[in-house]
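Trainee: Can you read through this structure? Questions will come right after.
The values are calculated or read from the model by the stated rules, or taken from the named source; none is laboratory data. Keep in mind that what you see is a predicted model, and the values were worked out from it rather than measured. Ideal geometry is used to build each Cβ from the backbone, glycine not excepted, and the neighbour counts take in all protein chains shown.
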Ligand SMILES: C[S@@+](CC[C@H](N)C(=O)[O-])C[C@H]1O[C@@H](n2cnc3c(N)ncnc32)[C@H](O)[C@@H]1O
């Protein structure tokens, strides 16, 4: 992979952000019902890699469910220190520069919530890099939120403005792709990965009436807006005014049953024998 240094990821790895990412892990797991969605047998071992691992929530869950695996986590910042007896290895590495692993090495490569870390045009190269380090017959698992608001009871003018200007507008301004989630399967296909299966899970944004998922979504919504408030405010408002706006949009979102769709795509590197059927439905 040719070196590349344009990093757009806007968040730090301070304690508040790490706490947000841990909550987001619970959200993803509740939405899809399991950490490992690819039909890969890990009971008797196998090499598993988590790319852009953040605080290591996913790799820790996988290692504790499948203790015989060789578990590796990589991030471009020192976001994670595995406990000495965890059996997990953390390595510094940058998916945009090329991962520090040989070709054809892992049985499962996981890449999740990286939407703000990858420029729109970089996705094909990143998925190709994930495919490179995956063994023939191994699997890549990609999970992202589609950053486009839907409202079961209809969009209001204010929700439309919020969606276009804040949700999608801010992501586009960063240089990222708000619509990458529904494109994951196409990116996987372009990287030569087969056996693609995609599952779409809607997540309501509501502090009450939508259970734990709704609460986690609402908390994440406010946390992300707070992080991006100076950027959203620009010259027209203050970050405090943006937060007041966000609170009132959240109330309106609850009344109109707003939800985001989350996508999980699994795809298999050709070769190494065929595995019948995937653990997730859809196409
Ligand atoms: C929103 S967090 C997601 C963490 C984790 N994947 C999860 O789902 O819990 C994004 C992570 O990607 C990391 N990251 C951003 N750009 C990266 C890059 N070019 N290479 C590797 N990691 C990167 C950040 O440091 C951060 O830990």
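Trainee: Here are 10, 78: which of them is within 12 Å of the ligand (Cβ to nearest atom), at pLDDT 95 or above and over 25 Å from residue 107 (Cβ atoms)?
Mentor: On the way: 10 fails: at pLDDT 95 or above.
Exactly one of 10, 78 is within 12 Å of the ligand (Cβ to nearest atom), at pLDDT 95 or above and over 25 Å from residue 107 (Cβ atoms), namely 78.
Trainee: Restrict the check to segment 56-77 and report whether at least one residue is surrounded by 22 or more Cβ atoms within 10 Å (Cβ to Cβ) and closer than 22 Å to residue 225 by Cα.
Mentor: The answer is no, given that none of the residues of segment 56-77 is surrounded by 22 or more Cβ atoms within 10 Å (Cβ to Cβ) and closer than 22 Å to residue 225 by Cα.
Trainee: Any chance you could count how many residues in segment 110-161 are away from the ligand (no atom under 16 Å from the Cβ), within 17 Å of the chain's Cα centre (by Cα) and surrounded by fewer than 19 Cβ atoms within 10 Å (Cβ to Cβ)?
Mentor: Total satisfying the criteria: 1.
Trainee: Among the residues of segment 40-60, which ones are within 15 Å of the ligand (Cβ to nearest atom) and either farther than 23 Å from residue 117 by Cα or in a loop (DSSP other than H, G, I, E, B) (or both)? Write out each step before concluding.
Mentor: Of all residues in segment 40-60, those within 15 Å of the ligand (Cβ to nearest atom) come to 48-60.
Across segment 40-60, the qualifying residues are 52, 53, 54, 55, 56.
Trainee: Every residue in segment 201-225 that is assigned to a helix (DSSP H, G or I) and at positive phi, please. Lay out the reasoning, then the answer.
Mentor: As a first pass, look at segment 201-225 and keep what is assigned to a helix (DSSP H, G or I): 211-225.
Listed by number, the list holds a single entry, 211.
Trainee: So residue 70 ticks every box in (1) within 13 Å of the ligand (Cβ to nearest atom); (2) modelled with pLDDT of 95 or more but one. Which box is left unticked?
Mentor: Against the list (1) within 13 Å of the ligand (Cβ to nearest atom); (2) modelled with pLDDT of 95 or more, residue 70 comes up short only on (1).
Trainee: Can you tell me which residue in segment 82-109 is farthest from residue 127 (Cα to Cα), limited to those that are within 15 Å of the ligand (Cβ to nearest atom) and in a loop (DSSP other than H, G, I, E, B)?
Mentor: Here is the first cut: in segment 82-109, the ones within 15 Å of the ligand (Cβ to nearest atom) are 82, 88, 90-101, 108-109.
From the residues that got through so far, the ones that are in a loop (DSSP other than H, G, I, E, B) too are 82, 93, 95-97, 99-101.
Working: 82: 26, 93: 15, 95: 9, 96: 10, 97: 13, 99: 12, 100: 15, 101: 15 Å.
Across segment 82-109, the extreme among qualifying residues is 82.
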